[in-house]
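Inspection log for the structure reproduced underneath, given as structure tokens.
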Amino acid sequence: MSILIDGTKKVLVQGITGREGGNRTRLMMEYGTRVTAGCTPGKGGREVLGVPVFDTVEEAVETRGEIDISVIFVPAPLVKNAALEAIEAGIRLLVLIPDRVPIYDVLEISEKAKEHGASFIGPNTLGLLSPGKATLGMIGGRAESARQWFEPGPVGVTSRSGGMTASVAYYLCRSGIGLSSIVHVGGDAVVGLPHPEIVRLFEQDPETKAIVMFGEIGTSQEETVADMIESGEVTKPLIAYIGGRQAKKGTRFSHAGAIIEGESGTWEGKVERLRNAGARVVEDFSEIPRVTLKVLREIKTL
């Protein structure tokens, strides 16, 4: 199985007529994603790669039928309106690609999503990919490379870093470890589905046997995952790496959400909490495949 995306889900691309939206639509379609509509206000009636474009999300849904997911490629100041429009049209999963989306806009999107039973990945995300099935966003860059790099299997990957999402997945696959789904939760301080929510989905997925988590300093996502392990909510083996070991207080580590404030969100605190909870924490990135292989053999998955 996979989480959040597979080849059956119907996908809308908001901002499909832009350069980024068009290029990433090509990637998604060539990989197997079922892109059924696009939306750009004022450009309805066109086609992009054979995909019909509509002026509004509501019009796209009325014409093309129920749509499961919207991937949003619009400038950051326009993300809030695009997301609210999709939620109000009945779409239940959004992928917010842009970075620098104002935090108050994200909070408003979050409130609207809760009201309508929707959820979202990002903002500031590369998206997600289920090997051999479908992809949302831009993981892999091109469909050909994504097929070569990522293979189906029993390990779920969740990451707070876009570049490291692909790197973790790539090196696991080069070590003979296939993947169920790959998720970049987003690099901002506030995101729709953070590590704990993705880990919960992997826990519920019968084909995911182990979870690899690339964490970072800042926020409390990794500590919450540790709480979930201790409470028994997460029972599958979890292998974790935490980036930002050398970062000083008040220093941002690559992303808006990776910043130590006071005594919270430190590298030491995250590593200690996860280890005490029973996660396998590696301090050298190159050790992730080896430790993951060891864990899979211990649970007799390989």
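Take the residues in segment 199-222 that are among the charged types (D, E, K, R), modelled with pLDDT of 95 or more and in contact with a strand residue (DSSP E or B) (Cβ under 9 Å, 6 or more places away or on another chain), then tell me which one is nearest to SER130 (Cα to Cα).
Among them, the one singled out is ASP205.
Kindly indicate whether ALA166 is touching a helix residue (DSSP H, G or I) at 6+ places or on another chain (Cβ under 6 Å), touching a residue at least 12 places away in the same chain (Cβ under 8 Å) and of a type in the set (Gly, Ala, Ser).
Considered against the rule, which asks whether it is touching a helix residue (DSSP H, G or I) at 6+ places or on another chain (Cβ under 6 Å), touching a residue at least 12 places away in the same chain (Cβ under 8 Å) and of a type in the set (Gly, Ala, Ser), ALA166 comes out as no.
Among (1) in contact with a Phe, Trp or Tyr (Cβ under 9 Å, 6 or more places away or on another chain); (2) closer than 27 Å to LYS10 by Cβ, which single condition is PRO206 missing?
Answer for PRO206: the failing condition is (1).
Which strands (runs of 3 or more DSSP E) sit wholly inside segment 119-232 and have at least 2 residues that are surrounded by fewer than 22 Cβ atoms within 10 Å (Cβ to Cβ) and out of contact with any Leu (no Cβ under 6 Å at 6 or more places or on another chain)?
Answer list for segment 119-232: 152-159.
The values are calculated or read from the model by the stated rules, or taken from the named source; none is laboratory data. Worth saying up front: this structure is predicted, and the values here are computed from it rather than measured. Quick reminder, even Gly has a Cβ in these numbers, built from the backbone with ideal geometry, and neighbours come from all protein chains shown.
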